[in-house]
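To keep things clear, I will list the structure first and then write my remarks on it.
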Amino acid sequence: MDPALTAQALFDSPSRSFDVRLWDGRWLPAPRGGGPAARLVLRRPEALAAFLSRRSERRLAEAYLDEAIDLEGDVAGLLEAATRWEGPRLRPGLAGAALGALLRRDEGREPGLAAQVRGRRHSEARDREAVRHHYDVSDDFYRLLLGPGMVYSCAWFPTGAESLEEAQAAKLELVCRKLALRPGDRLLDVGCGWGALLAHAAARHQVDGVGITVSERQLAAARDRLAQEAPGRDLAVLPLDYRGLRPERPFDKIASIGMMEHVGRERLPGYFAGLHALLAPGGLLLNHAIADAAPGQGFLRWAGRRRGDGFIDRYVFPDHDLVPVGDVVRAAEQAGFEVRDLESLREHYAETLARWLGRLEADLGEAERLVGRRRARAWRLYLAGTQVSFRLGHISVFQLLLARARPDGRAAGLPRSRAAWYA
């Protein structure tokens, strides 16, 4: 069968709300109107095979990295439309000799950038490799993406009118308020990134503390930042995994912001038990992490729900594990923590990702210069797809406030209501 006729048959579905353009210039308009201001472009006939693969989410992403497929216009809107599409129609006799040849040509093709992580999953050595694959790319690339604050986690938009920088500063302050930071507190920042939280907490709340990271680039940048932005405070950034920290005395407060996704559900009991042991009685832990939520529907189930098998796991964020929030709460309680508050910031993360994607697309040429064309395309797809997953509620993000109670039951400095946090 002529590949163009095969394409017409595959995309002949009333649930498709996006336009398709073929390699020969032919247009397949959406049967349903009102779709996104975007189009799916198939640049080569082999791209059709990705729609029929058992691993369609990953194969489609790889076809995009290989430029057999392009996404033009509103990429997040297009991916959201794809989640509502029922998928290609396989009529009797369609998968004949021509389509079989396309499948054989596509299977086994492996674009570059795949993470090279070895050893036992979530061992210290493998976790270090996974973290460095994701973070040790280019600080200039992350600065282009995140802005000058270099905060790589969900921002907080209390009114919706905030700039990205204002919303990130508001999130840092919200974390500090939830932790009831006071002058002289010793704060541990687990997975401290480029040092934004420690710098903010030291400058605004006069705390001392320690940040830990296994990213070499983040380590150097965080040390420089703290020296410049919080001189005179007792601050250190150490090249340690959370399992390797042995402080001389416990911490008053602990923050873990966007780090638990690296831990793995099998290791959650040890993770929370370890943080519980590092925290002084009466102390607080703020655990901020993405969580699996409702299952995706339609053709494109984004984010590789089978661990190790999806596009994001293989190319962007290896070994990440999004644990349902109920399982997280259970593990924390079993480690001895008392749950004091749980807040979803799902819509705020969708907005954050939209801002990051906008910054990337506004300077895509510079991003390609910094990290290469294929990696820049991978990040465009990653940001857009994850934004859609948050928007549709397939994943969420939660701030879980935990206390290690004193024998008399008191925890340090908690207000009578949440109003104090948001004032």
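Pairs needed: first member in the stretch 323-342, under 18 Å from GLU261 (Cα atoms); second member anywhere, β-branched (Val, Ile, Thr) and surrounded by 17 or more Cβ atoms within 10 Å (Cβ to Cβ); C-beta distance under 6 Å; at least 6 residues apart or different chains.
none
Only one residue in ALA9, ALA81, ALA49 is open to solvent by less than 20 Å² (accessible area, probe 1.4 Å) and under 30 Å from ARG359 (Cα atoms), so which one is that?
Testing whether each residue is open to solvent by less than 20 Å² (accessible area, probe 1.4 Å) and under 30 Å from ARG359 (Cα atoms) leaves just ALA81.
Just one of (1) open to solvent by 40 Å² or more (accessible area, probe 1.4 Å); (2) closer than 22 Å to ILE290 by Cβ; (3) in contact with a Ser or Thr (Cβ under 8 Å, 6 or more places away or on another chain) trips up LEU370, so point out which.
Among (1) open to solvent by 40 Å² or more (accessible area, probe 1.4 Å); (2) closer than 22 Å to ILE290 by Cβ; (3) in contact with a Ser or Thr (Cβ under 8 Å, 6 or more places away or on another chain), LEU370 violates only (2).
Identify, please: which residue in the stretch 194-225 is modelled with pLDDT under 95 and part of a loop (DSSP other than H, G, I, E, B) and is, among those, nearest to LEU240 (Cα to Cα)?
Per the criteria, the residue is VAL214.
If I ask for residues that are under 17 Å from GLU86 (Cα atoms) and not aliphatic (A, V, I, L, M), which ones from the stretch 40-65 would you list?
PHE51, SER53, ARG54, ARG55, SER56, GLU57
Considering only residues of the stretch 226-258 that are among the small types (Gly, Ala, Ser) and part of a helix (DSSP H, G or I), which is modelled with the lowest pLDDT?
GLY244
Restricting attention to the stretch 380-411, which residues are over 30 Å from PHE311 (Cα atoms) and crowded, with 23+ Cβ neighbours inside 10 Å?
Correct list: LEU401, LEU402, ARG404.
Would you pick out the residues in the stretch 314-329 that are assigned to a helix (DSSP H, G or I), more than 11 Å from ALA289 (Cβ to Cβ) and touching a helix residue (DSSP H, G or I) at 6+ places or on another chain (Cβ under 9 Å)?
Correct list: ARG314, TYR315, VAL316, ASP327.
Does SER256 fit the bill of being within 24 Å of LEU414 (Cα to Cα) and touching a Phe, Trp or Tyr at 6+ places or on another chain (Cβ under 9 Å)?
Answer is yes for this residue.
Looking at this structure, is LEU414 open to solvent by 10 Å² or more (accessible area, probe 1.4 Å), touching a helix residue (DSSP H, G or I) at 6+ places or on another chain (Cβ under 7 Å) and touching a residue at least 40 places away in the same chain (Cβ under 8 Å)?
no
Within the stretch 280-290, how many residues turn out to be crowded, with 17+ Cβ neighbours inside 10 Å and either over 20 Å from LEU197 (Cβ atoms) or touching a Leu at 6+ places or on another chain (Cβ under 6 Å) (or both)?
6
Test of understanding: among ALA167, ALA180, which residue is in contact (Cβ under 8 Å) with a residue 60 or more places away in the chain, in a helix (DSSP H, G or I) and crowded, with 20+ Cβ neighbours inside 10 Å?
From the options ALA167, ALA180, the qualifying one is ALA167.
Of the conditions (1) in contact (Cβ under 8 Å) with a residue 40 or more places away in the chain; (2) crowded, with 17+ Cβ neighbours inside 10 Å; (3) of a type outside the set (Gly, Ala, Ser), ARG39 clears all except one; give me its number.
(1)
The values are calculated or read from the model by the stated rules, or taken from the named source; none is laboratory data. Bear in mind the structure is a predicted one, so any value in this text is a computation, not a measurement. Note: ideal-geometry Cβ built from the backbone for every residue, glycine included; neighbour counts use all protein chains shown. Only protein heavy atoms, including side chains, enter the accessible area calculation; ligands, DNA and RNA are left aside. Shrake-Rupley method; radii C 1.70, N 1.55, O 1.52, S 1.80 Å.
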